[in-house]
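Please treat every number below as a calculation from the coordinates, not as lab data. Please read all numbers here as calculations on a predicted model, not as lab measurements. Positions of Cβ are backbone-derived with ideal geometry, glycine not excepted, and every protein chain shown enters the neighbour counts.
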Amino acid sequence: MAGRTVPLVALLILAGCNGGTVDRHALENDRKTLDSIACEGALVADGVAHDRTTVVFARVHSDELRIDASNFADALASRATEPGIEREVRRTARHAARIAGVLKRLHEHPANRVVGAVTERSLEQLAGGCS
Amino acid sequence: MRTLSSLQGRKVVTESGESLGSLYDLRGELGARTLRVTGLVAGTRGFLEHLGITRRSATVIPWDDVVRIEGKRIVVRDQKS
Amino acid sequence: MSKVFGLALGILAAVGGFVDIGDLVFNVSAGAMFGYELLWVIPIGVVGIIVFSEMCGRVAAVSKKAVFDAVRERVGFKAALGTLIASEVVNLMTFAAELGGVAIALQLLSGLPYRWLIVLAALGLGVVIWVTSFDWIERIFGYGGLCLLVFAVAAVKMSPDWGEAGAGLVPHVPQSNAMVYAYFVVGLLGAAMTPYEVYFYSSGAVEEEWTPKDLGLNRANAIIGYGLGGFFSIALMLTGATLFLGRGIEPEHLGTIALGAEVPLGEIGLVLAIVGILFAVGGASIDTVFSGAYNLAQFCGWEWGRYRTNARAPRFTLTWIVLLALGILIVLTGVDAVVLTEYAVIFSVVALPLTYLPILLVANDDAYMGRYRNGRLANVLGFVYLVVILVVALSAIPLMILTNVGQG
Amino acid sequence: MTEIDIALKVLDHQILDCEGRRCGNVDDVEIEGGPGEHARGSTILVGAGWWPQRAGWIGRVARWLAGNERVRVPWEEVADVEAGVILRKTAGELGLGRGDDRVRAWIEKIPGAHR
């Protein structure tokens, strides 16, 4: 349940450490969430690869995950950061964009077992391992 | 116009200045077509009675003992106890 | 014989109706985050909801009072008005979350655009409520919700570490991350003891004109229905623990929850899970929208009732129509249903004490209850739970802020 | 003669007319007679118009939302006090439940309203 920082919610409750500048703690959290997204994507891809899922589910759910990842990519690419960690933050932004890219491929070929197998492997790699 | 809710929460004090707590309820007698007010339910025991936690206690201040109702207070005759 | 049959049907419906989006989200997330370590909270929440719904049902059967009648009579007008406003806000949030959940489940099944499905889902619910008799609504959604049994099968298939799971049933404090852990305890209790369930249950009992003869049914309904509901919750938490914890996945979508059945059971598991979620949150959205209307009508003294024709309880009808419309608007803003769920559950906890205290008081009132007043067991449990609820209610919002909504 | 605590058993309770229709809650009770006199609950006050005196500003906001209706029902019209307050006449005869009547006219225009 972590990670999602909906701006509306952040506005509603003036709380949380993710609203303003990115600090090390927030960056750690975001990385964890990105790994979570990638691993979940890998699980969906695994379903596609093994013909264990429905096409509609794979298409819709991979897109949900893609949106999450690309939201992170956008936010981390543009938000102000604490001094000293800017390069790391931008690198994480590119990392998020790569995850989003792979998920997009899965979203576009939800019935293709080969794409499933390939995307599963890339997502697991991007997450640095999933189990 | 005097209403039940306007009496609730007022401090009940005796003429000699003893505080009997806040008023929580009025004791009434239900007739065929009437509702006569017979007493004041006040104080901690009155509060518990008002919530329905304790049974109706005997420590009701008779309405006849009410001397005057002023501001946030209800002044009653000294209660012998 | 037919009576036993009817009882079974009723219980089945109650089972399907117990699980809502709050249970889905909090149980799976708790498993994904803390493995088996929060299992003990489920029985505590289940016993709590059993104690209070049994009490509400009994109060309704004997005194014909629904929960919000009791609230207004017992806590004073001002506090009751505050409780009403809080409960209406929470009900509306919960309804919006459930409605969003319906749209997501429909999207996962059909692939159609989410926004269309929101409107379609809301209109569908509105028409179902308007034309279908309530018995049928309850049955359809209750039985549909039984598809969630697939999670029990999935949990077993994932072969959880039963020894550790058993240890998780014993209340304990974790070594690290205590704040987030506490946040989840609050959320799990809140999800299990959601106030709308008792509003709905007690109003239904008044409407069905229960009498003291139905008290056995009331008790069976509460114990078996919610007990089995707790069983679902455990299954959900186990899927979170076995599938998501090891992979570092933090569920943030209803689709993730369905994945918990897909991985071990394949396509059939996936479809059953989504259908189960669809009916569970669909049923809950009807319950919440009615709870909002019940509460307002009871507070104001209007005519109310889902068994009456719509024209016989006009302002009650108008209220649920308005709530339905407001729910659509909220979901159409694009707010995430899962996020909304978290807020709804945590805020609902705050409304709990002033909902449960009046019930406890009326259940002890000789004048209304006579020989059906609370026995010692009900009172001890009721009082203990009131304390638990108070602690939970006071800590809910601070914990939410301190943990940044469970993020740590 | 039955003894009751008026705030506990009458105030804020459901009002039912002689046909069993729910037609408001007891929003306040007027007390007639002061110190040294016989005092009695003379009138039941019904409607959101009486809420401000119960709950200050929050009551005023609620009244604004709920409509400013004020109805007075003489205690003589009360038949019984049980779980609710039961009246001797119909809601219509006593001016109660008019909000429901107004809204009903609208609801009835939707097909199936009487099913």
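Points worth noting:
- Residues whose placed amide H lies under 5 Å from that of B:Ala42, excluding near-sequence neighbours: B:Tyr24, B:Ile61
- Excluding same-chain neighbours fewer than eight residues apart, the lysines reachable from C:Lys65 by a Cα-Cα span under 24 Å are C:Lys78, C:Lys213, D:Lys9, D:Lys89.
- Lysines whose Cα lies under 30 Å from that of C:Lys157, excluding same-chain neighbours fewer than 8 positions away: A:Lys32
- Orientation-averaged projection of the stretch D:6-107 equals 7.4 nm² [convex hull of Cα atoms, one quarter of hull surface area].
- Taken about its Cα centre, the stretch A:24-127 carries a charge dipole of about 300 debye when Lys and Arg each add +1 at the Cβ and Asp and Glu each add -1 at the Cβ.
- Seen from D:Gly99, the other residues with C-beta closer than 9 Å to its C-beta sum to a net charge of 0, counting Lys and Arg as +1 and Asp and Glu as -1.
- Dipole magnitude of chain D about its Cα centre (Cβ charges: Lys, Arg +1; Asp, Glu -1), debye to nearest 20: 700
- Average silhouette area of the protein assembly as shown, convex hull of alpha-carbon atoms, in square nanometres: 34.6
- Converting phi to 3J(HN,Hα) with the Karplus coefficients 6.51, -1.76 and 1.60 and the offset θ = phi - 60°, the stretch C:181-194 yields 4, 4, 4, 5, 4, 4, x, 5, 5, x, 5, 6, 9, 3 Hz in sequence order, with x at every glycine or proline.
- Across the stretch C:289-306, computed HN-Hα scalar couplings (Karplus, 6.51 cos²θ - 1.76 cosθ + 1.60, θ = phi - 60°) run 5, 6, 4, x, 6, 4, 4, 5, 5, 5, 5, 8, x, 6, 5, 9, x, 7 Hz from first to last residue, x flagging Gly and Pro.
- Structure-based [θ]222 nm, the protein assembly as shown - -39500 (n - 2.57) summed over DSSP H runs of at least 4, per residue, nearest 500: -20500 deg cm²/dmol
- Dipole-positive endmost among D:Thr43, D:Ala55, D:Val26 within the stretch D:6-107 (Cβ charges, Cα centre): D:Ala55
- With at most 14 neighbouring Cβ atoms within 10 Å, loop GluC sites (Glu not before Pro) (DSSP) excluded, longest segment of chain B: B:19-81
- Scanning chain C for GluC sites (Glu not before Pro) in DSSP loops with at most 16 neighbouring Cβ atoms within 10 Å leaves C:1-207 as the longest stretch between them.
- One quarter of the convex hull surface built on the alpha carbon atoms of the stretch B:4-76 amounts to 5.1 nm², the projected area averaged over directions.
- Between the stretch D:78-115 and the stretch C:338-369, the Cα center-to-center distance that results, in Å: 29
- Distant-in-sequence amide H partners of B:Val67 (H built 1.01 Å from N, under 5 Å): B:Val75, B:Val76, B:Arg77
- Relative contact order, percent, chain C [alpha-carbon distance under 8 Å, six or more residues apart]: 38
- For chain B, the list of trypsin sites (Lys or Arg not before Pro) that fall in a loop by DSSP and count at most 12 other C-beta atoms within 10 angstrom reads B:Arg33, B:Arg55, B:Lys72, B:Lys80.
- Size of charge dipole - the stretch C:32-402 - debye, nearest 20, with Cβ of Lys, Arg +1 and Asp, Glu -1, no other charges: 820
- Mean separation of Cα contacts under 8 Å, 6 or more apart, over the residue count of the stretch C:140-271: relative contact order %: 50
- 3J(HN,Hα) couplings calculated from phi for the stretch B:3-13 with the Karplus curve 6.51 cos²θ - 1.76 cosθ + 1.60 (θ = phi - 60°) are, in sequence order, 10, 4, 5, 6, 8, 4, x, 6, 7, 9, 10 Hz; Gly and Pro show x.
- Annotation note: chymotrypsin sites (Phe, Trp or Tyr not before Pro) in the stretch C:303-408 located in DSSP loop regions with a Cβ neighbour count of at most 16 within 10 Å are C:Tyr307.
- Value of relative contact order over the stretch C:21-132, rounded to a whole percent, pairs C-alpha under 8 Å and six or more apart: 16
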